[in-house]
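Please read the structure below before turning to the comments.
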Amino acid sequence: MDSRISGFYKLSVEERRERIRGLADLDEDAVEAVGGLGLDDRRADTISENVIGTLEYPLSVATNFKIDGEDTLVPMAIEETSVVAAASYAARMARAEGGFTTDVSGPLMIAQIQAVDVEDPHAAKVRIHQHADKLRELADEQDPVLVEHGGGCQEVQVRVVDTPRGQMVVTHLVVDVRDAMGGNAVNTMAEALAPEIEAITGGDVELRILSNLADRRLGRATCRVPPEQLNDEDSDLSGEEVRDRIVDAWAFAEGDPYRAATHNKGIMNGIDAVTTATFNDWRAIEAGAHTYAAMDGYDSLTTYEVDDDGHLVGSIEMPIQIGTVGGATQLQPAAGAAMDILDVDSADEFAGVLAAVGLAQNLAALRALVSEGIQQGHMSLHAKNIAIQAGAPGELVDEIAERMVEEDAIRQDRAEELLEELSE
C-alpha cells in the first residue's frame, strides 16, 4: 500500500472513498460506515446519557505517511479546515528521508491509591513496600485475562506527598495493560487493594483511580527533512533559512509558556483528530500531554535541531494512552472503519502513529509560521466555508473562494457579492 496519493484532494468524496477502499481493503460494512452510517439512537444511548441525537464530524484521511518503514493512511475527524492538509504536507516532506521513526516505552498505566490520616507516613511507606508481592498478586487476581495475555501489575511504588491537608501516603500500581487503554483495569485493581492499604497504613483510603499523567507510557517519533523540502517556489527564503527559522520558533516555545501553549495545541490538533476518528479518549491524552509538558515549567513537547548534513531533525516525546481493544470504538461503525484504515496491530503501534502525526502537525505549522504565515493556507481553505455560508452552490464554491483569496477579501459580504455576480 502506497500512502503517497498525488492529487487526492482533487478527487470527489466518492472517488476518494473508493480509492481508500481499495488501498485499505475495506469490506462493504466499513465502506458503508465511512459513507455516513454513524450512530443510531440505540447505540448512542448506550454510549452516553440523556441522548437526543448525534453530531457528525467530517471523516478525512491524511496521506503520504511512512511510519517505521510502512506506508500508513491516517483517519482524522476534525472541523478545522487546514489540519488534514497540513499533516499530509509534512508527511510528504518527511518521506524524502524515509518518513517517521517511532519508539514506545510500553503500555504501562498507573493507578493511585490515596491514604490520609496516616500517623507514621514514612514508616507506612516502608510497610507497603514490604507487602508489595502480596499486593501485586491481589491486583493480578482482578484481571486474569490481562495476566494471561502477558499484562498485569508490574510494580508497586509509594510516595509521601505534602499537601495543604497534610502528608498523604500515595501508592502507585504500575500495570501493563497490553492493547487496552487500561482505565477500567487499573481502576478495578486500585479498588480491590484499598482495604489492604488501609490495613497496612492505619489510615483511611479515599481516592483510588488511574492517573492520566502516563509517564510510563511514552510515545516518541523523529524525522529528518532536507532543507530543499522546506521552501517552495513562491517563497523568497531558502530552505536553509526556513530550517533555521523553524529551530528558532521551537526555541521560542521552549523558553516561553505563552508560545508553548499554542505550539503544543498544534501538536494536539493532529492527535485529537485521529483519536476522535477512532472513538478513543482524546481528553485523557490531552491531560497527560500538557501535564508532561509542565513537569519542569511548561514548554515544548517537540525538539528541532540541525544535523551534520544540514537536515532539520524533529522529535517528539509525550505520554500516549491509547487502546486497540475495549473502549467504545466498535460501538461506532465509522470509528471501526477508521481503525480498519489505520490497520495497526497493537496499542504500541497505534501510539507510535499518534506520535508521528503530532510531530507532522507541528512541523507543518512551524514551517507555515516562519515562511508564508499561518493564515495564508488556513484562510484559503476557510474561504470555501465562507462561500458555502453565503449560499454558493457546489459548482461555484471553488471559484468564489479563489476570487476572495486573490482579492485578500475573505468575508461573508464579499462572498455574497461574488455569488450575485456569478449567478447573473
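Can you say whether residue 22 is surrounded by fewer than 14 Cβ atoms within 10 Å (Cβ to Cβ), out of contact with any Pro (no Cβ under 6 Å at 6 or more places or on another chain), in the same structural domain as residue 282 (by TED's automatic domain parsing) and assigned to a loop (DSSP other than H, G, I, E, B), as far as the supplied structure shows?
On the way: surrounded by fewer than 14 Cβ atoms within 10 Å (Cβ to Cβ): yes; out of contact with any Pro (no Cβ under 6 Å at 6 or more places or on another chain): yes; in the same structural domain as residue 282 (by TED's automatic domain parsing): yes; assigned to a loop (DSSP other than H, G, I, E, B): no.
No, not satisfied.
In the stretch 25-48, which residue that is part of a helix (DSSP H, G or I) and among the hydrophobic types (A, V, I, L, M, F, W, C) is surrounded by the most Cβ atoms within 10 Å (Cβ to Cβ)?
34
In the stretch 162-190, which residues are closer than 28 Å to residue 278 by Cβ and either in a loop (DSSP other than H, G, I, E, B) or over 29 Å from the mean Cα position of the chain (by Cα) (or both)?
The answer is 177, 178, 179, 181, 182.
Only helices (runs of 4 or more DSSP H) wholly contained in the stretch 198-310 count here; list those with 1 or more residues that are touching a Phe, Trp or Tyr at 6+ places or on another chain (Cβ under 6 Å) and either touching a residue at least 24 places away in the same chain (Cβ under 8 Å) or not assigned by TED's automatic domain parsing to the domain that holds residue 157 (or both).
On the way: elements: 239-255, 257-277, 282-293.
The qualifying helices (runs of 4 or more DSSP H) are 239-255, 257-277.
In the stretch 158-167, is there at least one residue being crowded, with 21+ Cβ neighbours inside 10 Å, among the hydrophobic types (A, V, I, L, M, F, W, C) and assigned by TED's automatic domain parsing to the domain that holds residue 121?
Of the stretch 158-167, the ones crowded, with 21+ Cβ neighbours inside 10 Å are 158.
In the following step, the residues that additionally are among the hydrophobic types (A, V, I, L, M, F, W, C) were identified as 158.
Add one more test, that the residue is assigned by TED's automatic domain parsing to the domain that holds residue 121, and what stays is 158.
Yes, the stretch 158-167 has at least one match.
Do we have residue 401 as of a type in the set (A, V, I, L, M, F, W, C), buried (at least 24 other Cβ atoms within 10 Å of the Cβ), at pLDDT below 90 and farther than 29 Å from residue 237 by Cα here?
Details: of a type in the set (A, V, I, L, M, F, W, C): yes; buried (at least 24 other Cβ atoms within 10 Å of the Cβ): yes; at pLDDT below 90: yes; farther than 29 Å from residue 237 by Cα: no.
No.
For residue 69, are the conditions met, namely being among the small types (Gly, Ala, Ser), free of Cβ contacts under 8 Å to residues at least 60 places away in the same chain and at positive phi? Step through it out loud before you land on a result.
Numbers: among the small types (Gly, Ala, Ser): yes; free of Cβ contacts under 8 Å to residues at least 60 places away in the same chain: yes; at positive phi: yes.
So residue 69 fits the description; yes.
Just one of the numbered conditions (1) modelled with pLDDT of 90 or more; (2) of a type outside the set (A, V, I, L, M); (3) part of a helix (DSSP H, G or I) is not true of residue 382; which one?
(1)
When the stretch 250-308 is examined, which residues are found to be out of contact with any strand residue (DSSP E or B) (no Cβ under 6 Å at 6 or more places or on another chain), polar (S, T, N, Q) and more than 15 Å from residue 362 (Cβ to Cβ)?
Narrowing the stretch 250-308 to residues out of contact with any strand residue (DSSP E or B) (no Cβ under 6 Å at 6 or more places or on another chain): 251-272, 275, 278-287, 290-291, 293-300, 306, 308.
The next check asks that each one be polar (S, T, N, Q); those that pass are 262, 264, 269, 275, 278, 280, 291, 300.
Across the stretch 250-308, the qualifying residues are 275, 278, 280, 291.
Go through the stretch 1-29 and give me each residue that's of a type in the set (A, V, I, L, M, F, W, C), farther than 14 Å from residue 65 by Cα and without any contact (Cβ under 8 Å) to a residue 60 or more places away in the chain.
Answer for the stretch 1-29, where residues must be of a type in the set (A, V, I, L, M, F, W, C), farther than 14 Å from residue 65 by Cα and without any contact (Cβ under 8 Å) to a residue 60 or more places away in the chain: 11, 13.
Checking residue 51 against (1) in a strand (DSSP E or B); (2) modelled with pLDDT under 95; (3) of a type in the set (Val, Ile, Thr), which test does it fail?
For residue 51, the exception is condition (1).
So, in the stretch 3-12, of the ones that are surrounded by 11 or more Cβ atoms within 10 Å (Cβ to Cβ) and either among the basic types (Lys, Arg) or modelled with pLDDT of 90 or more (or both), which residue ends up farthest from residue 398 (Cα to Cα)? Can you show your working first?
Taking the stretch 3-12 as the starting set, the residues that turn out to be surrounded by 11 or more Cβ atoms within 10 Å (Cβ to Cβ) are 3-5, 8-9, 11.
Now narrow it down to the ones that are either among the basic types (Lys, Arg) or modelled with pLDDT of 90 or more (or both): 3-5, 8, 11.
Numbers: 3: 26, 4: 24, 5: 21, 8: 16, 11: 14 Å.
Per the stated criteria, the residue is 3.
Out of 420, 424, I need the residue that is farther than 23 Å from residue 58 by Cβ and at pLDDT below 85. Which one? Walk me through it before giving the result.
On the way: 420 fails: at pLDDT below 85.
Only one candidate passes the filter, namely 424.
Here is a list of conditions, (1) over 26 Å from residue 120 (Cα atoms); (2) surrounded by fewer than 19 Cβ atoms within 10 Å (Cβ to Cβ); (3) touching a residue at least 40 places away in the same chain (Cβ under 8 Å); (4) out of contact with any strand residue (DSSP E or B) (no Cβ under 8 Å at 6 or more places or on another chain), and residue 138 meets all of them except one; can you say which number that is?
So the condition that residue 138 fails would be (1).
Has the stretch 351-371 got any residue that is assigned by TED's automatic domain parsing to the domain that holds residue 91 and in contact with a Pro (Cβ under 9 Å, 6 or more places away or on another chain)?
Yes: the stretch 351-371 contains one or more residues that are assigned by TED's automatic domain parsing to the domain that holds residue 91 and in contact with a Pro (Cβ under 9 Å, 6 or more places away or on another chain).
Restricting to strands (runs of 3 or more DSSP E) lying wholly in the stretch 69-116: which have 2 or more residues that are under 27 Å from residue 383 (Cβ atoms)? Explain how you work it out, then say what you get.
Details: elements: 70-77, 101-104, 108-116.
Answer list for the stretch 69-116: 70-77.
Residues being surrounded by 18 or more Cβ atoms within 10 Å (Cβ to Cβ), out of contact with any Pro (no Cβ under 7 Å at 6 or more places or on another chain) and within 17 Å of residue 284 (Cβ to Cβ): count how many of those fall in the stretch 188-229.
6
The values are calculated or read from the model by the stated rules, or taken from the named source; none is laboratory data. Bear in mind the structure is a predicted one, so any value in this text is a computation, not a measurement. Heads up, the Cβs are rebuilt from the backbone with ideal geometry, glycines too, and the neighbour counts pull from every protein chain shown.
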